[in-house]
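Structure first, then comments.
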Amino acid sequence: MRVTLPAVALLLGMLAGCATPQYQTRVSLIPPTGPQGRACVQDCEARKTACQAECEQRYQACAEGIEPQVEARYLETLKRYELELKQYAAALRRYEMDLRFDWIYNHPYRYPYYWWDPWPRPYFPPPYREPEMPTRDGVRAQLLKANCQDDCGCLPAYDACFVGCGGQIVKETVCIKNCPPSK
């Protein structure tokens, strides 16, 4: 089969037309114009900064409190990994043996054809994925994600305070990739 350059260009053009556009939401904060509104916004910013600092302190305290659990959980994970690795090795050995002797034991006439097989069988990949070795950092990250909260909701409170001071929040959705042609 011979493929020409215009056919390739047409195919690529059709595929490019199928790409899904990607959008991003941009947020603009329009501060109030009066001095009283600007002072109120400064107070909102101070509260947001204090909220974020307090949230960071709580997160750090939680992270330090988890450290004793990391080693115990890591040892448990290593034991589970060792068991999974043994199971994987046994399944792989069983799979290799099946590949070696399948043509003898599963032949349609129950005796081997050494020189010819009228029904060749397809190749099947191994049945399991090799288990991944755990790391302390991975175990620590899982514990942090499960037990420690790093988002305390400071930004929604700031946005509400900002609007309460007379400011405006403008959200705009903009196409950033694979944009449709403008009208």
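Annotation note: Cβ proximity below 7 Å between a residue of the range 127-147 that is assigned to a helix (DSSP H, G or I) and a residue that is of a type in the set (Val, Ile, Thr) (sequence gap 6+ or interchain) occurs for Arg136/Val70; Val139/Val70; Val139/Thr77; Arg140/Val70; Leu143/Ile66; Leu143/Val70; Leu144/Ile66; Asn147/Ile66. Restricting Glu56, Glu76, Glu71, Glu67 to residues that are surrounded by fewer than 14 Cβ atoms within 10 Å (Cβ to Cβ), in a helix (DSSP H, G or I), under 26 Å from the mean Cα position of the chain (by Cα) and modelled with pLDDT of 95 or more narrows the list to Glu76. Consider the range 51-73 and keep the residues that are of a type in the set (A, V, I, L, M) and touching a residue at least 60 places away in the same chain (Cβ under 8 Å). The one that is nearest to Gly153 (Cα to Cα) is Ala63.
When the range 30-50 is limited to residues that are under 13 Å from Pro156 (Cα atoms) and in contact with a helix residue (DSSP H, G or I) (Cβ under 7 Å, 6 or more places away or on another chain), the one that is surrounded by the fewest Cβ atoms within 10 Å (Cβ to Cβ) turns out to be Arg47. Residues in the range 51-74 that are of a type outside the set (D, E, K, R) and touching a helix residue (DSSP H, G or I) at 6+ places or on another chain (Cβ under 9 Å): Cys51, Gln52, Cys55, Tyr59, Cys62, Ala63, Gly65, Ile66, Gln69, Val70, Tyr74.
Within the bounds of the range 110-124, is there any residue that is on the phi > 0 side of the Ramachandran plot and modelled with pLDDT of 70 or more? No, every residue in the range 110-124 fails to be on the phi > 0 side of the Ramachandran plot and modelled with pLDDT of 70 or more.
The values are calculated or read from the model by the stated rules, or taken from the named source; none is laboratory data. Since this is a predicted model, take the numbers as computed values, not measurements. Here Cβ is always computed from backbone atoms with ideal geometry, including for glycine, and neighbour counts include all displayed protein chains.
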